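All remarks here apply to the structure that follows.
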Amino acid sequence: MQFLIDNFNLLWDAFLTTLSISALAGLVALVLGTLLAAARVSPIPPLRGLATFYVETFRNTPLTVVFFFLIFGLPQIDFVLGFFPGAVLSLGLYTAAFVCEAVRSGINAISTGQAEASRAIGLTFGQSLREVVLPQAFRTVVPPLGNVFIAMVKNSSIAAGFAVSELSSLLPRLVNANAAQLSAVLVGVVVAYMLITLPLAFLVHHVERRVAILR
């Protein structure tokens, strides 16, 4: 414990970095994933095709490759991202594909009568989706969305391989400083991740219960 206390500042900074990456990437993924889901159920074939291409491409591409492309590939065309923004964008773009599929499953679970009733009172596709379909869809996909975001937090560890000083990057750094403290370092890093994922899991469970009551 003394070793962890002595290196608390390093752990704290790495924890905040992981938390920041996860929060910002989660916001990107939620917004983009919702837009992609709307595109995938839209009546415009080219829009559906583009959204499907995006989802299938990112779902079937390793996250490490996405990181490598954005951080090291884009500079080849004179578009340079810093390591931290690159990590946020890589994780957000990748996770958006999974958010899209979760939200789309919720949209498909809504009765077609809801959309037909919306059209009958004169709402456009966008208005129907925004005012009627999506609010109901989000209520049905709270658990899968929660699982997606918890997985995203753990996936943020890949940023350690791209010069981002987050929690996983501390493992080799601290172990190299004192190999005898391997167990303590592992416990410290695992606890730090749990301080992010467990409250998130609790929040998802709480929201799921509230939604169930509302329904």
- All but one of (1) within 24 Å of Pro144 (Cβ to Cβ); (2) within 18 Å of the chain's Cα centre (by Cα); (3) open to solvent by less than 40 Å² (accessible area, probe 1.4 Å) hold for Ala39; which doesn't? (2)
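Of all the helices (runs of 4 or more DSSP H) wholly in segment 49-124, which have at least 1 residues that are open to solvent by less than 20 Å² (accessible area, probe 1.4 Å) and within 25 Å of Val148 (Cβ to Cβ)?
Details: elements: 63-68, 83-109, 112-120.
Fully inside segment 49-124 and qualifying: 63-68, 83-109.
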- Going by the structure shown, is Ser20 out of contact with any helix residue (DSSP H, G or I) (no Cβ under 6 Å at 6 or more places or on another chain) and either assigned to a loop (DSSP other than H, G, I, E, B) or farther than 23 Å from Val141 by Cβ (or both)? yes
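Identify all residues within segment 133-157 that are among the basic types (Lys, Arg) and surrounded by 18 or more Cβ atoms within 10 Å (Cβ to Cβ); write none if there are none.
If the condition is that a residue be among the basic types (Lys, Arg) and surrounded by 18 or more Cβ atoms within 10 Å (Cβ to Cβ), then Arg139 is the only one that fits.
Would you mind stating whether Val191 is assigned to a helix (DSSP H, G or I) and farther than 18 Å from Gly33 by Cα? Can you show your working first?
Working: assigned to a helix (DSSP H, G or I): yes; farther than 18 Å from Gly33 by Cα: yes.
So Val191 passes the test.
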- If you scan segment 158-167, which residues turn out to be assigned to a helix (DSSP H, G or I) and either buried (at least 22 other Cβ atoms within 10 Å of the Cβ) or in contact (Cβ under 8 Å) with a residue 40 or more places away in the chain (or both)? Ile158, Ala159, Gly161, Phe162, Leu167
- Within segment 178-204, considering residues that are among the small types (Gly, Ala, Ser) and without any contact (Cβ under 8 Å) to a residue 24 or more places away in the chain, the one farthest from Gly73 (Cα to Cα): Ala180
- Which of (1) closer than 30 Å to Ile71 by Cβ; (2) open to solvent by less than 70 Å² (accessible area, probe 1.4 Å); (3) polar (S, T, N, Q) is the odd one out, the single condition Gln181 does not satisfy? (1)
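The values are calculated or read from the model by the stated rules, or taken from the named source; none is laboratory data. Nothing here was measured: the structure is a model prediction, and the numbers come from that model. As a convention, Cβ positions derive from the backbone with ideal geometry for all residues, glycine included, and neighbour counts pool all protein chains shown. Ligands, DNA and RNA are excluded from the accessible area calculation, which covers all protein heavy atoms including side chains. Shrake-Rupley method; radii C 1.70, N 1.55, O 1.52, S 1.80 Å.
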